1. Select from segment 6-19 the residues that are closer than 11 Å to residue 49 by Cβ and touching a helix residue (DSSP H, G or I) at 6+ places or on another chain (Cβ under 7 Å) and list them in ascending order.
2. Taking helices (runs of 4 or more DSSP H) that do not extend beyond the chain, which have at least 2 residues that are over 11 Å from the mean Cα position of the chain (by Cα) and without any contact (Cβ under 8 Å) to a residue 60 or more places away in the chain?
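The values are calculated or read from the model by the stated rules, or taken from the named source; none is laboratory data. Note that the coordinates shown come from a computational prediction; the quantities given were computed from them, not determined experimentally. We place every Cβ from the backbone using ideal geometry, glycine too, and count neighbours over all the protein chains shown.
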C-alpha cells in the first residue's frame, strides 16, 4: 500500500476525533457556531485530501508506465 493513501484516515480523525474538542457554540466563525464550522471545514478538507491522493496516484501510475486498469 502506498504511503499517501494513509492520508484518507486524516478526515475521519479530524471529523470524528475533533468533535468532542470542538463541541461549543462560541466563538462564531463566518457566522456559524464553531462546531458547525468545524464539520463544514472538514467536508471541504476531505475533498481536497481525496484530490491530493488521486493526483499522487495518477502521477505514480504515469511514472511506472501505465500501471493497471
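1. 7, 8, 10, 11, 14
2. 18-22, 34-64
A quick yes/no check of all residues on (1) farther than 19 Å from residue 3 by Cα; (2) modelled with pLDDT of 85 or more; (3) surrounded by 11 or more Cβ atoms within 10 Å (Cβ to Cβ):
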residue	(1), (2), (3)
18	yes, yes, yes
21	yes, yes, no
42	yes, yes, yes
62	no, no, no
66	yes, no, no
